[in-house]
1. If you go through segment B:207-224 one residue at a time, do you hit one that is part of a helix (DSSP H, G or I) and away from chain A (no Cβ under 14 Å)?
2. If you check B:36, B:83, B:13, which single one turns out to be assigned to a helix (DSSP H, G or I), touching a residue at least 12 places away in the same chain (Cβ under 8 Å) and of a type in the set (D, E, K, R)?
3. When only residues in segment B:139-172 that are at the interface with chain A (Cβ under 10 Å from one of its Cβ atoms) and not in a helix (DSSP H, G or I) count, which is nearest to residue B:30 (Cα to Cα)?
4. Which numbered condition in (1) within 14 Å of chain B (Cβ to nearest Cβ); (2) touching a strand residue (DSSP E or B) at 6+ places or on another chain (Cβ under 7 Å) is the only one that residue A:52 fails?
5. When only residues in segment A:116-127 that are outside any loop (DSSP other than H, G, I, E, B) and modelled with pLDDT of 90 or more count, which is nearest to the chain's Cα centre (by Cα)?
6. For segment B:65-80, enumerate the residues that are free of Cβ contacts under 8 Å to residues at least 40 places away in the same chain and β-branched (Val, Ile, Thr).
7. For residue A:130, indicate whether it is within 14 Å of chain B (Cβ to nearest Cβ) and in a helix (DSSP H, G or I).
8. Show the residue pairs meeting these rules: Cβ distance below 7 Å; 6+ apart or different chains; first residue within segment A:161-177 and over 18 Å from residue A:117 (Cα atoms); second residue part of a helix (DSSP H, G or I).
Amino acid sequence: MLKIVEIDNLTVQYPDVKALDNVSFEVNQGDFLGIIGPNGAGKSTLFDAMLGLNTKYKGTIKFFGEDIRKSKNYLKEIGYVPQKPIFEKNFPVTVTDVVRMGLRNETDENKIDEVLQQLWMHELRNRIIGELSGGQQQRVFIAKALITNPKILILDEPVTGIDQQSIDLFYSILRELNSKQKITIIWSSHDLDAVNQLANHVACLNRTLFFHGESEKFFSNDELVKQYSEASMQEHMHHH
Amino acid sequence: MSLEILTFSFMHRALISGIAIAILCSVVGLFLVLRRYSLFGDAIAHSSFGGIALGLLAGVYPLWTAYGVSIASALIITKIKDRYNISGDASIAVLLSSGIAVGLVIIGLSGGFTIDIFSFLFGSILLISVDDTVLILALTGVILIVILILYRQILYSTFNEEQAKVSGIPVEKINYLIVFMAGITVVTSIQLVGVLLISALFVIPNVTAIMYGKGFKQTAIISMSFSIFSVVVGILLSYIFDITPAGTIVLLAISLLAGTMGIKSSGLLSKN
């Protein structure tokens, strides 16, 4: 099995808190990895380090066997879908304009239509992005991420604030991308049920990694599920 | 009277430079407006006032010193803003007032040269020379070519910095490039509308165009058209009625904005 990502002893220290503490795990080609953990567990911190947005970490991160401190070439193989893409609501770009931003090469223009069709967004291609619903916007950002034929798709809690119907469609798209197009998916989520249904591997993160392995092993271990649920429940109560 | 004014060579120069500046300000301004940097043009213009005063004092052509001072202060303020985490609007306020302060002190030291300063404050497009026209056309051409080449990178980093970084775009360099181009654009445009009204050309046609809810290229084309219309009609009307071109141009741009608001609130402007 080809190792795509190798994370070794990753530690991120913020001034007041250790956001990640000695996190190590690997992702193999074709994996559908669900990263779960309560708010503040370090999921976004982990992604920032993996995407080269934060270089102040200890430990090593390798993509395709190469240390990301040495080369940024791995970014070409990554499609990234952020949690809630921030932009001005009246930003004058159409769906096509946004997807085009993902292109690295001007000659790939034909691909835009192809990807939009794949995501059932073709009819909305001339609409302004800010006019679309949260679910539609998220599909546009998936299209933008897919336009370069990435080997890995990284999604940071992509369904926050989206209606259930759009979430179901979104999940079926992810499943198809992983099973048919063999795209490796790394996805962080709050939704334990969705992770159970979609992911074949689970990483359970709360500053340290307290489980990483096949999702069946996680979900068949009542003790682990209970621990996770309690941790996130505490977090939930803490926030209210 | 009506067509005769089009035969004057000073009018040719004014219209050619005016159209070039209209296009330039509208394109560079669109990126500034979308970055919530609308007043940045104003701040650079005010800092160029210090540069102009310096040039007049030193006996150098004032626009050259204005280019130097404006570009330098725009880049420095951007650096300071990033380093010390000062908000965008506060950094603009600092830049704006320091330019004027430097200018006033220099004018005071030199005993005052009010007439020359006046033409820079309010523009003097009808007095533009052949050399200035050539310079304006050359700078407009260079900046537009740079923007066309880097169009996707500039748009992407304006839309969402973080995603642009992940896509391998050198976002910080692009940010400095935009600030640098804004500096050049402002000083180049001083002759048309003057220091005090420059941000009108950066902001008003773009705010108007964005209201039409179109894609990026169409928005840019609408903005450029409004900008060119305001400048050309403004220059002609100001000559015919013997009023100041800068004020006329800006008022025309504002009336296009008001008209667009009217159309929009009446529901005539449907999306798509």
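The values are calculated or read from the model by the stated rules, or taken from the named source; none is laboratory data. What you see is a predicted model; the values in this text were computed from it and never measured. Here Cβ is always computed from backbone atoms with ideal geometry, including for glycine, and neighbour counts include all displayed protein chains.
1. So the first thing to find is which residues in segment B:207-224 are part of a helix (DSSP H, G or I), and the list is B:207-210, B:216-224.
Next, only the ones that are away from chain A (no Cβ under 14 Å) stay: none.
Looking through segment B:207-224, none of the residues is part of a helix (DSSP H, G or I) and away from chain A (no Cβ under 14 Å).
2. On the way: B:36 fails: assigned to a helix (DSSP H, G or I); B:83 fails: touching a residue at least 12 places away in the same chain (Cβ under 8 Å).
Answer to the selection: B:13.
3. We begin by selecting, within segment B:139-172, every residue at the interface with chain A (Cβ under 10 Å from one of its Cβ atoms); these are B:151-153, B:155-169.
Right, trim to not in a helix (DSSP H, G or I) and you get B:160, B:167-169.
Details: B:160: 15, B:167: 23, B:168: 23, B:169: 20 Å.
This residue is B:160.
4. Of the numbered conditions (1) within 14 Å of chain B (Cβ to nearest Cβ); (2) touching a strand residue (DSSP E or B) at 6+ places or on another chain (Cβ under 7 Å), the odd one out for residue A:52 is (2).
5. As a first pass, look at segment A:116-127 and keep what is outside any loop (DSSP other than H, G, I, E, B): A:116-118, A:122-124.
From what is left, the residues that are modelled with pLDDT of 90 or more are A:116, A:123-124.
Details: A:116: 20, A:123: 26, A:124: 24 Å.
Among those that are outside any loop (DSSP other than H, G, I, E, B) and modelled with pLDDT of 90 or more, it is A:116.
6. Result: B:65, B:69, B:76, B:77, B:80.
7. Values: within 14 Å of chain B (Cβ to nearest Cβ): yes; in a helix (DSSP H, G or I): yes.
Criteria met by residue A:130.
8. A:161/A:134; A:162/A:134; A:162/A:135; A:162/A:138; A:163/A:135
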